[in-house]
Amino acid sequence: MRQLKEDTVKSNLIESQQSAYGPICVYQNKEYRWLTLAQKANDDITIQGVMNLTHPEQVIVPVNQCMLLFLLKPENTLNILNLGLGTAGFERVMYYLQNNTPYINAINTFNTVEINTNIASIAAQHFNLPSNHNTYLQCAEQYISQCSDHFNVITIDIFSGEYHQPFLTSYSFWQNINRCSEPSTQVIINLNPQTGKELQMLLVLLRQHFKCLAIIEFNEYKNIVIILSQQTLMHINVDEIQNSPVFINFAPNLYKSINSIYHIE
């Protein structure tokens, strides 16, 4: 990722669009294609997503690999809701696993919600999002408030630059997430809390809605991943990740990138 930040220069720019939420830029070198959103002049570059040009199904960043930890204990039939499209890395790997591996039995429903229409078009044009994928172009909070379907996997990866969306601290948002969930649903969130107090307040809120929480910290990333469920998550641990066939094949070094996994049950 450090190398990609150094390569985020005009000579590698292949697409630039002005969206309602600021400029979007796509860069490419010999190995990777990646996306950045609006940056303040003095800010460090924030890369929103990366695709390996030779193996687009690969999930490169450990934080994003952890969004797949529901595969340690998958349902026979998956009903998936992904809030936040980005560079469609989650969509690419899920379709690849379904079509080319024994790790997923069936995907019945697979919906993605993305507020930025430019992101959706760029994901289709530059990041291999299938044209027939169900993408809903609206605010995730609005989608959840109106949702009548039920999902057993819900992934939430919604950022504006380095900051996650304020509605993630809303009681009603999590109430609606629960309404759209099944008893065994796993909800997986990528977060970047700015302070310990902010994280503590969010954990208190989440504990009101879910019986079980798993909190994952990384060695080289400020982000944390939180997994939520009404059923135990004690199977989410470093040994299980290290010995899981799907992670041995698709994220063999993930267990080394994890600093700690904490459980609240």
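The values are calculated or read from the model by the stated rules, or taken from the named source; none is laboratory data. Model, not experiment: these values are computed from the prediction. Methodologically, a virtual Cβ is constructed for each residue, glycine included, from the backbone with ideal geometry; neighbour enumeration extends over all protein chains shown. In case anyone asks, the SASA skips ligands and DNA or RNA and just uses the protein heavy atoms, side chains included. Shrake-Rupley method; radii C 1.70, N 1.55, O 1.52, S 1.80 Å.
Can you give the accessible area of Asp7, probe radius 1.4 Å, in Å² rounded to 10?
Rounded to the nearest 10, that gives 30 Å².
Could you work out [θ]222 nm for the chain from helices alone, using -39500 (n - 2.57) per DSSP H run of at least four and dividing by all its residues? Round to the nearest 500 deg cm²/dmol.
Values: 10 runs with 75 residues, N = 265.
Theoretical 222 nm ellipticity from helices: -7500 deg cm²/dmol.
Counting only other residues whose beta carbon sits under 12 Å from that of Gln231, what net charge do I get with K and R as +1, D and E as -1?
With Lys, Arg at +1 and Asp, Glu at -1, the neighbours total -1.
Work out from phi, with θ = phi - 60° and the Karplus expression 6.51 cos²θ - 1.76 cosθ + 1.60, the ³J(HN,Hα) of each residue of the stretch 235-248, listed in order in whole Hz, and give x for Gly and Pro.
6, 7, 8, 4, 4, 5, 5, 4, 9, 6, x, 5, 7, 4
Counting only protein heavy atoms and a 1.4 Å probe, tell me what percentage of the chain's accessible area is made up of carbon and sulfur.
46 percent
Report, to two decimal places, the Cα Rg of the stretch 74-166 normalised by 2.2 N^0.38 Å (N = number of residues).
Dividing the Cα Rg of the stretch 74-166 by 2.2 N^0.38 Å gives 1.07.
Can you tell me the accessible area per residue over the chain, all protein chains present, probe 1.4 angstrom, in square angstrom?
Per residue, the chain has an accessible area of 48 Å².
Under a Cβ-only charge scheme (Lys and Arg +1, Asp and Glu -1), can you give me the dipole magnitude of the stretch 1-101 about the Cα centre, in debye to the nearest 20?
For the stretch 1-101, the charge dipole is close to 80 debye.
Not counting the cut sites, what is the longest span of the chain without trypsin sites (Lys or Arg not before Pro) that DSSP labels loop and that have at most 16 other Cβ atoms within 10 Å? It would help to have the intermediate numbers written out before the result.
Values: sites that count: Lys30, Lys40, Lys211, Lys222.
Counting only loop sites that pass the neighbour cut-off, the longest clear stretch is 41-210.
Give the Debye-formula value of log10 I(q)/I(0) at each listed q (0.11 Å⁻¹), with one equal scatterer per alpha carbon of the chain, two decimals each.
With no solvent term, the Cα-only Debye profile gives -0.59.
Rounded, prolate or oblate: which fits the stretch 119-203 when a ≥ b ≥ c are the square roots of the eigenvalues of the alpha-carbon gyration tensor, with rounded for a/c under 1.5 and prolate only if a/b beats b/c?
Verdict is oblate for the stretch 119-203.
Using 0.36 nm times the number of residues separating Asn237 and Asn108, minus their current alpha carbon distance, what extension gain do you get?
Full extension from Asn237 to Asn108 adds 43.7 nm.
Please work out how much length the chain gains when fully extended from Ser184 to Asn52, using 0.36 nm per residue of separation minus the C-alpha to C-alpha distance, in nm with one decimal.
Contour length minus Cα-Cα distance gives 44.2 nm.
Report, in order of residue number, the helices in the chain meeting two criteria: a C-alpha extent of 15 Å or more along the helix axis, and a mean Kyte-Doolittle hydropathy of at least -1.0; treat each whole DSSP H run as one helix. Don't skip to the end; give the middle numbers.
Details: long enough: 89-100 (16 Å, -0.73); 196-207 (16 Å, 0.78).
Going by DSSP H runs, the hits are 89-100, 196-207.
Pairs of Cα atoms under 8 Å, at least six residues apart: use those to get the relative contact order of the chain, whole percent.
15 percent
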